[in-house]
1. If I build a Gaussian network model for chain B, linking alpha-carbon pairs within less than 10 angstrom, which residue out of B:D44, B:D68, B:D14 has the largest mean-square fluctuation?
2. What is the dipole size for the protein assembly as shown, taken about its Cα centre, with +1 at each Lys and Arg Cβ and -1 at each Asp and Glu Cβ, in debye to the nearest 20?
3. Would you mind getting me the FRET efficiency between A:K113 and A:K83? Use the beta-carbon distance for r and R0 = 30 Å, nearest 0.05.
4. Given a Förster distance of 41 angstrom, what is the FRET efficiency for B:A121 paired with A:V25, based on the Cβ-Cβ distance and rounded to 0.05?
5. If you count the DSSP beta bridges with both ends in the stretch B:1-160, what percent of them are antiparallel, to the nearest 5?
6. Calculate the mean, over all residues of peptide B:180-188, of how many other protein chain Cβ atoms lie within 10 angstrom of the residue's Cβ.
7. Quote the total accessible area buried by chains A and B together, excluding ligands, DNA and RNA, probe 1.4 Å, nearest 100 Å².
8. Relative to the present Cα-Cα distance, how much length would full extension add between A:T44 and A:D32 at 0.36 nm per residue of separation?
Amino acid sequence: MAEIQEKGDSGKGGKKRGKKSSTKVDMTPLVDLAALLITFFMLTTTFNKPQTMEINMPVKPDNEEEQIALKASNAMTIILGEKDRLFYYYGLGDPAENPEVIESDYSANGIRKVLVSPTVKSNDKMTVMIKPMEQSRYKNMVDMLDELKITGTKKFALVEITDNDKQLVQSKLGQ
Amino acid sequence: MPKVKVKRKNPSLDMTPMVDLFFLLVTFFMLTATAREEEAVVVDTPSSISQLQLPDTNVITIAVDKDDRVFFGVTGQQTKEALLNKIAGKYGVSFNEEETRTFSLLNNFGMPINQLKSFLAMPSSSRKNVNQPGIPIDSVNNELGDWVLQTRLTNPKVVIAIKGDSDVSYETVQRVIQILQDKKVNRFNLITDMEVAPKNI
């Protein structure tokens, strides 16, 4: 097929020789097969193991008294709301203080800018608390943890949302 | 002047090196291939910049799909066999040898324990078509907690990984995390896809 028999000599008065069959084997089907196998194995191979991000949850304290209270000036709360919305405020969210709730988003110019802003970055003791609301998606939480990793924020915690925070978001949305 | 004879070239190529190369590649892929594992459920994980790799062995994978169903999987056939025995003893169900073997080959599953026996007794072709309801995680019937606890008792080295779907509500994930924390597991992994880290922030 791929082999084209070349005429050995122009036949000028030469002796009639016995037709020599070529010793070359046509390799094309072999190549086809090999390529097929390669494709198959390449597609069924899972090359990379799944990626993971590790999180450590705070150990539940046996008695509340041993806990050290977080200072309001060193706290920041990020609330992950429904429909991919995100709110944050500084402080512990005491309603008496009426903290200013600011809405942000997951884009590079959203919460990331806040996390690298001097208020957060220059304060070593700043602890970021992530409080996902029940209606938020799992992706929101992973995105948020990712943002913290990107911005190199060391101190953070995944905290259950309180009624207080829900009220703050409600009043923010009601505006 | 005689005509210059144009030497006719043989248009065929020598394919031998190509074949050599191809077979080398085939061999390589065959040896490195671990056939894609059959999962009971499709989970579309969110992406993160994390570069950590999940180990191959001693992993519990808790998958949460977008319909809030929870699936449990653990690596290692011996672990799974021992685990099933313990669970069987705790819940007063008995599994025969065939069912135990089937269980040890399952990658993950999402059946309540009372339905597990009939699920394992099925032929593997119809098992695929079963709509698995997920492992109960409510506080009255917290089977996931038992699975995790018994696995850790069987194999203390296990790492726990949560594989959540992007769209699953946080409520379910929170419940899973709560169960883990109740069992004193405070460190676990979240399985994510790869994402390129932004260069300038």
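The values are calculated or read from the model by the stated rules, or taken from the named source; none is laboratory data. Just so we're clear, the structure is a prediction, and the values are computed from it rather than from any experiment. All Cβ positions, glycine included, derive from the backbone under ideal geometry; neighbour counts span all protein chains shown. Only protein heavy atoms, including side chains, enter the accessible area calculation; ligands, DNA and RNA are left aside. Shrake-Rupley method; radii C 1.70, N 1.55, O 1.52, S 1.80 Å.
1. B:D14
2. Numbers: 48 positive and 48 negative charges, 665 e Å.
That gives the protein assembly as shown a dipole magnitude of about 3200 debye.
3. On the way: r = 21 Å, r/R0 = 0.71.
So, using R0 = 30 Å, E works out to roughly 0.90.
4. 0.15
5. Counting DSSP beta bridges with both partners in the stretch B:1-160, the antiparallel share is about 75 percent.
6. Per residue, the number of nearby Cβ atoms from other chains is 3 on average.
7. That pair of chains buries around 5300 Å² in total.
8. Working it through step by step, the gained length comes to 2.5 nm.
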